[in-house]
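Working notes, beginning with the structure itself.
The values are calculated or read from the model by the stated rules, or taken from the named source; none is laboratory data. Computed from a prediction, not measured in an experiment: that's the story for all the values here. Here the Cβ positions follow ideal geometry from the backbone for every residue, glycine too, while neighbour counts run over all protein chains shown. Accessible surface areas use protein heavy atoms only, side chains included; no ligands, DNA or RNA. Shrake-Rupley method; radii C 1.70, N 1.55, O 1.52, S 1.80 Å.
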Amino acid sequence: MAFQMTDIIPALPEIFLAGLALVLVLVAAFGGEEAGNARRVTRLSLVGIAIAVFLLVQGDAMPSLAFGGMFAADSFAFYMKALVLVGTFAALLLSLRPEGNDDINKPEFALLVMLALVGMMLMISADDLLALYMGIELQSLPLYVVAAMRTNSLRSSEAGLKYFLLGALSSGMLLYGASLVYGICGTTDFAGIAASLSSGDLPVAFIVGMVFMVSGLAFKVSAAPFHMWTPDVYEGSPTPVTTLFAIAPKVAAMALLMRLTYGAFGQIADQWSQVLVALSIASMAVGALGAIMQTDIKRMMAYSSIAHMGYALAGLAAGTPAGAAGVMIYMTGYVFMGAGTFAIILLMRRDGQAATKIVDLKGLSRTHPLLAIGLLVMMFSMAGIPPLAGFFGKWYVFLAAVQAGLVPLAVIGVVMSVVGAFYYLRIIRLMYFEDTDAPLDAEIPAVNKLVLGVSMAVILLFFAGLGGVLTATDTAAIALMGGAR
Amino acid sequence: MIEALFFYLFAGIMLASGLMVVVSRNPVYSVLFLILAFFNAAGLFVLIGAEFLAMLLVVVYVGAVAVLFLFVVMMLDINFSEMRAGFQKYLPLGLIVGGILVFELVAAMYGDVFKGATLPEAMDISNTRALGNVIYTKYMYLFQVAGLILLVAMIGAISLTMRKREGVRRQSVAAQNLRSRAETVEVVSVPSGSSPENLSTAAVKSTKTTSRNGGNT
Amino acid sequence: MIDLLTHSYVVNVAWILAQILMVIGPLLIAVAYLTLAERRVIGFMQLRKGPNVVGPFGLFQPFADALKLMAKETILPAGANKVVFLFAPMLTFILAIVAWAVIPFGEGLVIADINVGILYLFAISSLGVYGVIMAGWASNSKYAFLGALRSAAQMVSYEVSMGLVIINVLLCVGSLNLSAIVEAQRDMWFALPLLPMFVVFFISTLAETNRAPFDLPEGESELVAGYFVEYSSMSFALFFLGEYANMILMSSMTVVLFMGGWLPPFDIFPLNVIPGPIWFILKIMLVLFVFLWVRATTPRYRYDQLMRLGWKIFLPFSLLYVVATAGFLLATDRLPTIMAG
């Protein structure tokens, strides 16, 4: 039971990142002058993430359990971790602006992001109720802090506090549900829970516990009706932090939700499916309708992400391997759309001041034609126009829902996509058919170009690599459904 | 018999002080009653043979956490009438939550809903060792993650609250210890009848700069 | 049957009470003479005589002081919170006494030989801060409150490194039982291999008992007398007794942890015929002498220096030493076998 090599190897990327974070604590504390040190810590973090990706790819492809069955390293974990690593890499890269971003110009930012990254990876690999909770807390706590990082801004403090309070509430719900589940199953191990569910009927208390757990996780993926924190946190946080929020944590939370429902509660898909259908419909509606009213692009992106989670949950509600694969494809597109869009939003500055109103995008096609094309691609992809990545995500998700007999859900989803397309197209209209007298700052840092370019390439050429993605997600879905056990 | 007597003694005082935490008018009294409740909880732990947990409860909760509570409560200017007003408003909600918890306790004690979770077998080792086995061997992974979470809490608290102020003079003990006598002290002959202002400005300035170099930067 | 049961209970309780009295009586006398010793020792170090008038060599001075204190009026300040005000000195005194329950005076000579003795001691000593902070708050006086805040922060800070030092010792022993800790030092006192920790522990006990050079909570030049400035008569005497009893307690803790408790320094003929308790008391007196010696010779620390020493030097250093000790024991295969019970 003690510490062994068989435990270390599967968790090597996480162990490496955690060790690096500890080194970065020292660098952050003794690195000298603040702005330069912040850049140094961020660069070291980027190198570290690259090494972690290498370790992940090099790692033994055989699915394995480590630390007494609490840590699952299977192809599902591999796929989702790769997404999270890439997403966090992009977010950190975008925070590394040459002139230095005054908001989060502290070495602690990258350090906390690294620790949150470890938390996300542990969430993805969690195969035990205790590991699940620890992963969530390790991911959430640093994010609460970075949301409030701009200490002299009331809005940032408000965002941090709101995020913290609602996050704490959701953790409480999750724990309460977990305690009920444990009380009935007598084990915290996902495999053990699944085994104890296959025999006998379910007590009501178990359903209550399961609903509480799913609700707690719905907070983390910001699915309606647990989405209240999202717009305020997106708007109030410093933009590089919002970038991170929009890209990585939801992938991890979605992965955890998938592992919990498909892994631990796989036997009772009919029970949780109803809950997820309700969450999905609510999220799609709130996301699509809420975004229309927004004037701030960060708030709009918040509602957009709520809607995206709604579409992803539709695939999850199907409860089939195809549904799981659909969610993974959706999240892949989501990461790159988020990275690309925020690479542009971060550039929305006028005279060095952040200008994040949607109307600030007026006439972007005249002043910054390249950015306008980038944003056009992102918006089309989010709206689900073929042949972009967002379209394939929606396609496989709704296909899985229909195959699982959830036709009304798929219909509502398509309707809401059409409604949602309205506000994405509004941005395009502003960029291309209106003029401005106050252009945004001209300078485009190389990192933004890089992230935007890579994201555009992935989204535009998604159909070319679709075969590979499908193979990977199918394998991962089978691993998730119990292939590893 | 003695055990039962002590059980009811500890449990009774604990319940009473728990009630007093909520109803007493003075928040300092509330904290003091909370400490009393912790103490009796420790007593109950001793009764069930969990002496390690009992001591830990006293060291951690009474010796550290409650001290901080007491600090904060004593230093803060709390408006009691406002707190009273909230009490009425939140009472129904509190009663509902309490009711649910009581229902759960009853269900756990008398129902067979939670049949899955059984008490582990009592082992023939001291509870210090048993806890060590569980924390550092079986759940070593979670222990390490918990350590990272605490690290995050520490970094977060520091980075959110620490303000770097300009012009703060800090003592550098190492620099102070490293300087020699020649750098710090200068013997200046002061002619009788003259005040320090009349001294050559160079001499005064040099003593000032050396004392600054001597660590107070 | 019932007669027998009650009988045995009565006998048990009476025996325990007798043991308690056997500890408390000498303890109070020791406290009394510690105050005299302090004044005399410091007097000699400062080339004065100290109190030498009452009785031979001033030996009755403590009793004269006690009578004086008892004869005085107990003053309750008008704005004070009376219940807490009166409870605080009692708490200080009670805590200083109850900790003695687990101290082994000799082989088997201990009131309660519990498994987690060292944790019990640590827990009780960590409660001492309540007497201080309650007294400071209840006095409703600025000097008292400031003194209490300083003192509470100081005691809490130094407890952390004390805990880590204790872990060092526990790593070498493999038990939390105080008698086992003493027995483990039969070959070598822990003061030698853990010398840096011994020094850290001793300095921490100085801070924990608010003694010089860390006595700024009661720094007379700024805060008059700190948290007990409003106290008089018996309530003051209780604080006084508690503080000195705490000094003796901390000394005995130092002796148990690092100086081999009741064991003679060398297990050779003339030394090992002297009974254990005598050795124990002699060692305590030695440590107490150092307490007084320090007071006579060192100037008072500034508050920020005190905090710096506790948090930035002792804490990392003792943490590092825990790692080093554990690593050394593991590498040389000297980890103690964990004793049953």
Please list the non-local residues whose amide H lies under 5 Å from the amide H of residue A:296, H modeled 1.01 Å from N, same-chain partners needing a gap of 5 or more. A:358
Given a 1.4 Å probe and heavy atoms of the protein chains only, how would you sort C:105, A:342, largest accessible area at the top? C:105, A:342
By average Cβ neighbour count within 10 Å, what is the ranking of B:63-70, C:59-66 from highest down? B:63-70, C:59-66
Estimated FRET transfer efficiency (residue C:308, residue A:438; beta-carbon r; R0 41 Å; 0.05): 0.20
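Counting only helical runs of four or more DSSP H residues, what would the 222 nm mean residue ellipticity of the protein assembly as shown come to if each run contributes -39,500 (n - 2.57) and the total is spread over all its residues?
Calculated at 222 nm, the ellipticity per residue is -23000 deg cm²/dmol.
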Report the calculated FRET efficiency for residue A:289 and residue B:131 (r = Cβ-Cβ distance, R0 = 35 Å), to the nearest 0.05. 0.10
Full-extension gain between residue A:414 and residue A:353, please, as 0.36 nm times their residue separation minus the C-alpha to C-alpha distance. 18.1 nm
Which residue, C:121, C:271, C:309, tops the fluctuation ranking in a GNM of chain C built on C-alpha contacts under 10 Å? C:271
Which of these, C:324, C:237, C:37, has the largest mean-square fluctuation under a Gaussian network model of chain C (Cα springs below 10 Å)? C:324
Largest to smallest principal axis extent of the C-alpha atoms in the range B:1-85, angstrom: 46, 23, 13
Extent of chain A along each principal axis, from alpha carbon coordinates, in Å, largest to smallest? 70, 56, 42
When only the heavy atoms of the protein chains count and the probe is 1.4 Å, how do C:72, C:142 rank by accessible area, highest first? C:142, C:72
For a quick check of understanding: with a 1.4 angstrom probe and all protein chains in place, what accessible area in square angstrom does residue A:351 have, to the nearest ten? 130
State, to one decimal in nm², a quarter of the convex hull surface area for the C-alpha atoms of the range C:177-310, i.e. the direction-averaged projected area. 10.0
Mean separation of Cα pairs under 8 Å and 6+ residues apart, divided by the residue count of the range A:110-255: what relative contact order is that in percent? 29
Over chain C, with a Gaussian network built from C-alpha contacts below 10 Å, which listed residue (C:202, C:122, C:328) shows the highest mean-square fluctuation? C:328
Using only Cα atoms, locate the centre of the range B:13-35 and the centre of the range C:239-274, then give the distance between them in Å, rounded to an integer. 40
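Highest mean first, what order results for A:302-310, B:10-18 on Cβ atoms within 10 Å?
Values: A:302-310: 27.8, B:10-18: 15.8.
So the order, starting with the most tightly packed, is A:302-310, B:10-18.
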Protection proxy (average C-beta count within 10 Å per residue), highest first, orders B:89-98, B:140-149 as B:140-149, B:89-98
As a test question: what accessible area, to the nearest 10 Å², does residue C:15 have when a 1.4 Å probe is rolled over all protein chains in place? 140
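Taking each pair of distinct Cα atoms in chain C once, what is the resulting Kirkwood hydrodynamic radius in Å?
In chain C this quantity evaluates to 21.4 Å.
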Quick numbers on the range C:242-341, Rg and Dmax over C-alpha atoms in Å, give 18.0, 50
Separation in nanometres of the label points that stand 7 Å from Cα toward Cβ, at residue C:282 and residue A:278: 7.9
Just counting partner chain Cβ atoms within 10 Å, what average do the residues of peptide C:111-123 show around their Cβ? 4
With a Förster distance of 41 angstrom and the Cβ-Cβ distance between residue B:60 and residue C:111, calculated FRET efficiency to the nearest 0.05 equals 0.95
Averaged over residues of A:110-121, the number of beta carbons from other chains lying within 10 Å of each residue's Cβ is 2
Residue B:128: accessible area at probe 1.4 Å, nearest 10 Å²? 40
With label points built 7 Å along Cα→Cβ from the Cα atoms of residue A:199 and residue B:93, find their separation and express it in nm. 4.3
Just want to confirm a number: the relative contact order over chain C, from Cα pairs under 8 angstrom separated by 6+ residues, in percent. 23
When you look at the Cβ of every residue in B:58-64, what mean number of other chain Cβ atoms sits within 10 Å? 6
Roughly how many Å is it from the Cα centre of the range A:425-485 to that of the range A:295-371, as a whole number? 9
If you average the sequence gap of Cα pairs under 8 Å that are 6 or more apart and divide by the length of the range A:5-480, what percent do you get for the contact order? 15
How much of the pair distance distribution for the protein assembly as shown lies past 43 Å, counting alpha-carbon pairs only, in percent? 49
Largest-first ordering by accessible area, 1.4 Å probe, given options A:345, A:8: A:8, A:345
